[in-house]
Amino acid sequence: MDVEKILEKFNIKPTPKMIEGFKNDISDLVELKTLSDEELEILVYNYFSIGESYFFRDENLLEKVVKVCKSYNRPVNVLSVGCSKGEEVYSLAYLFKKNGVKYKIKGIDANSERIKSAKEGVYTFWSVRFLDESKIKEIFDVKEGKFVLKKEYKENVEFEVSKIENYDSNEKFDIILIRRVLIYISNLTLVIEKLKTMLNKDGFIVLGNGEYHRELLEHFEPMDDASAILKITGHPKKHTILKEKTKEIKKDLGRRVNREIQELFRNEIEFVTEKVEILIKENKLEDAYKEVEKALNKNVTCYILWRLKASIEFKMGKIQESLLSTKRALFLNTFDEELLTFKKFLESIIEGG
Ligand SMILES: C[S@@+](CC[C@H](N)C(=O)[O-])C[C@H]1O[C@@H](n2cnc3c(N)ncnc32)[C@H](O)[C@@H]1O
């Protein structure tokens, strides 16, 4: 499969320059001829994915980061670049607290609306959709269908609107998370140099699962077996030496990509949801119904899909079926008050005959 076809599949439209940059970045991996279609798909998706984030994205990676931080045996100073609406920052705050790590976290993002939301800490179900009920209760107060972050997770956390290119501070960090952001950067060399000066000597940077940037590897090297966690190399490595290294990285990338495959399906749900909503708007209910059923076959525990199914069935006049789907959605997410009202409404129609 080629890159353009994958972009078409996910309806992503990057500039030709971005596509060229991506092809250049992954050329070593392509040369190794071990990249499967599925892996390429994940790489493409990750590279060009939209500004969205959610709580505990790449959770096992975050846990690894916390483990390394704990080993410092001192408070850690963290920067989250491209922190979106704060999901990554607050997920880390939760994990640090749980593991008894003292911390200070700064989140920066180029988008001022996202930083405003990050400061507020109020989320819709979409941001917490992969959390189980007990974690939701630990982290949020649920008010009128919104998920309001508990005060304790805002401690030692700050946000600022800033592009990494212009971020002005003399502060040094132990960890800089820069996950799914480098794709947006036109002057990667400048940002790499900046990251190097902002990091403490034994500090590290963290990429997202399934991310690979060749130029970065000339200055940073993977820590142990985790190729998403990188520390500064003593001397910048020439590209020829890197080719050997790439083989090793490819192995770990494979593992990370497998995890990402699971996440990709989560994102695919978002993609399906958008598609179905368009079909509903166009009143193509049969087509919308087929799409939802197809997606549910792959992920039967997805609350969003059951919710969508219930709404299509209602529009199609299938009241009994709609009630059943509503009950399933509520079973998977008991917090949805709107759906609870909808269930009562359906029951009253059925009772009324
Ligand atoms: C795909 S999101 C990634 C969010 C989060 N890091 C994650 O992995 O889930 C990319 C974010 O980076 C931000 N961004 C893009 N270019 C940036 C830049 N030059 N400096 C800082 N943030 C940037 C976007 O506004 C967006 O919120």
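Each reported figure results from applying straightforward, stated rules to the coordinates on display, with no laboratory input. Note that the coordinates shown come from a computational prediction; the quantities given were computed from them, not determined experimentally. When we count neighbours, we look across all protein chains shown, and the Cβ atoms used for this are built from the backbone with ideal geometry, even at glycine.
Electrostatic bookkeeping for Gly21 treats Lys and Arg as +1 and Asp and Glu as -1; over the other residues with beta carbon under 13 Å from its beta carbon, the sum is 0. Ordering Asp174, Asp287, Asp141, Asp132 by the number of other Cβ atoms within 10 Å of each residue's own Cβ, fewest first, gives Asp132, Asp141, Asp287, Asp174. Once both labels are positioned 7 Å from their Cα atoms along Cα-to-Cβ, the gap between Glu160 and Lys23 label points is 3.9 nm. Other residues within the sphere of radius under 10 Å centred on the Cβ of Glu158, judged by their own Cβ, net out at +3 (K and R +1, D and E -1).
Ranked by the mean number of other Cβ atoms within 10 Å of their residues, highest first, the peptides 196-208, 292-304 fall in the order 196-208, 292-304. Its relative contact order, with pairs defined as Cα atoms under 8 Å and 6+ residues apart, puts segment 59-234 at 21 percent. Here the dipole of segment 168-207 is about 140 debye; that uses its Cα centre as origin and unit charges on the Cβ of Lys and Arg (positive) and Asp and Glu (negative).
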